[in-house]
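Each remark here refers to the structure printed beneath this line.
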Amino acid sequence: MLQSVLMAVPSIKLHDGNTIPSLGLGLWKVKDELRFNKMFDSAIKNGYRHFDDAQTYGNEQLLGKSWKRSGLNRNDIFITTKISPQHLSYKSTHASFKESLLKLQTDYVDLLLVHFPGPSWLRKNKWRAIEEIKQAGLAKSIGVSNFNIKHLQALETYAHEMPVINQIEMHVFMQQKQVREYCRMLNIQIEAYSPLAHAQLMNNPKIQEIATKHHKTYSQIMLRWCVEQSAIPLPKSTNPNRLKQNSQIFDFELTNEELNQLSRLNTNHKTLWRSIIAK
């Protein structure tokens, strides 16, 4: 059995009463089984219990195999998956989710998300299917991904249950203040994907200065900034050393002055999906 060598990651309570670990591991693009297994094992040893998957990632079956062979109990890990944009209808949402459960080797997921808003005329039925999946006990919590304020406002008009999560691209250089504030008013928890901006901007002198002061890495400051914004960062790495470093963000805090300095770094630098999400 794999064992964590670090203390547990703190949890956050969602508005439906369930809890979620405040750090997750993004699984995008990791499709090689050997590479996936090494990443998963290293993650478990370094305290990760929250795994963020999606139908479009093409590796739900690898996560299913990995957690099964780990010896962990199902309630020891938090599994997220997302309904693919290609599954637009009520029926295909239900059918594809059943396939996801088989691949993940579980009879429920902890969190089920709509991956992208999709066409406005189909969102209502898709969300109805998501709500039914939760009502059937097949998803403990439900949410959305890549929803902007316009999408959330529309969802409010027909949802019987509002999402507990909105997963968006968020990092020091793409701070998403308006969406975050709107979600805060609705008591929707933010998850931050690409919290390291895909390593596109790793040479900012202010972040490096703060990292040096705290004896931390540049990446750890970026991830800690997410935590200080009450967001759940979902960094992705297959490197054991980086996996370990990315988990070591709960033993220090940024000062108000440092947070103010970091807030001024926002340039709305989006690394993914701009044209898709704008619809």
### helices (runs of 4 or more DSSP H) completely within the stretch 86-180 that count 2 or more residues being farther than 23 Å from His15 by Cβ
90-104, 120-135
### Message
For the stretch 231-244, give me each residue that is in a helix (DSSP H, G or I) and closer than 13 Å to Gly24 by Cα.
### Response
Leu243, Lys244
#### Entry: Subset of the stretch 63-117 that is aliphatic (A, V, I, L, M) and closer than 24 Å to Gln153 by Cα - its residue that is surrounded by the fewest Cβ atoms within 10 Å (Cβ to Cβ)
Leu88
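Output the residue which, of all residues in the stretch 181-202 that are outside any loop (DSSP other than H, G, I, E, B) and hydrophobic (A, V, I, L, M, F, W, C), is most open to solvent (accessible area, probe 1.4 Å).
Among residues in the stretch 181-202 that are outside any loop (DSSP other than H, G, I, E, B) and hydrophobic (A, V, I, L, M, F, W, C), the one most open to solvent (accessible area, probe 1.4 Å) is Met185.
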### Test set (1) open to solvent by 20 Å² or more (accessible area, probe 1.4 Å); (2) within 23 Å of Trp225 (Cα to Cα) - Leu25 fails condition number
(1)
### Query
Of all the residues that make up the stretch 112-125, how many are among the charged types (D, E, K, R) and under 17 Å from Asn148 (Cβ atoms)?
1
### Task
Out of the residues in the stretch 128-153 that are more than 20 Å from Asp53 (Cβ to Cβ) and touching a residue at least 24 places away in the same chain (Cβ under 8 Å), state the one that is most open to solvent (accessible area, probe 1.4 Å).
Arg128
### Cβ pairs under 7 Å, 6+ apart, first in the stretch 186-205 and free of Cβ contacts under 8 Å to residues at least 40 places away in the same chain, second among the aliphatic types (A, V, I, L, M) and assigned to a loop (DSSP other than H, G, I, E, B)
Leu186/Met162
### Message
Being among the basic types (Lys, Arg) and under 25 Å from Thr81 (Cβ atoms) is the filter here; which residues of the stretch 165-189 pass it?
### Response
Arg180
### Task
Restricting attention to the stretch 26-70, report how many residues are over 22 Å from Ile12 (Cα atoms) and either basic (Lys, Arg) or without any contact (Cβ under 8 Å) to a residue 12 or more places away in the chain (or both).
9
### Message
I'd like to know if the stretch 49-58 contains one or more residues that are surrounded by fewer than 19 Cβ atoms within 10 Å (Cβ to Cβ), over 15 Å from the mean Cα position of the chain (by Cα) and more than 23 Å from Gly143 (Cβ to Cβ).
### Response
no
### Query
Looking at (1) buried (at least 19 other Cβ atoms within 10 Å of the Cβ); (2) in a loop (DSSP other than H, G, I, E, B); (3) without any contact (Cβ under 8 Å) to a residue 60 or more places away in the chain; (4) of a type outside the set (Ser, Thr, Tyr), can you tell me which one Met222 breaks?
(2)
### Message
Pull out all pairs, ordered by first then second residue, where Cβ-Cβ is under 8 Å, the residues are six or more apart or on different chains, the first lies in the stretch 257-279 and is part of a loop (DSSP other than H, G, I, E, B) and charged (D, E, K, R), and the second is modelled with pLDDT of 75 or more and surrounded by fewer than 14 Cβ atoms within 10 Å (Cβ to Cβ).
### Response
Lys279/Pro119
## Note on the structure
With criteria (1) open to solvent by 50 Å² or more (accessible area, probe 1.4 Å); (2) in contact (Cβ under 8 Å) with a residue 12 or more places away in the chain; (3) within 20 Å of Gln176 (Cβ to Cβ); (4) polar (S, T, N, Q), Ser120 comes up short on (3)
#### Entry: Residues (polar (S, T, N, Q) and in contact with a helix residue (DSSP H, G or I) (Cβ under 7 Å, 6 or more places away or on another chain)) located in the stretch 154-174
Asn166
## Note on the structure
When every residue in the stretch 203-219 that is β-branched (Val, Ile, Thr) and open to solvent by 40 Å² or more (accessible area, probe 1.4 Å) is compared, the one nearest to Phe40 (Cα to Cα) is Thr217
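The values are calculated or read from the model by the stated rules, or taken from the named source; none is laboratory data. Since the model is a prediction, treat every value here as computed from it, not as a measurement. Cβ coordinates were reconstructed from backbone atoms using ideal geometry, including for glycine residues, and neighbour counts include every protein chain displayed. Only protein heavy atoms, including side chains, enter the accessible area calculation; ligands, DNA and RNA are left aside. Shrake-Rupley method; radii C 1.70, N 1.55, O 1.52, S 1.80 Å.
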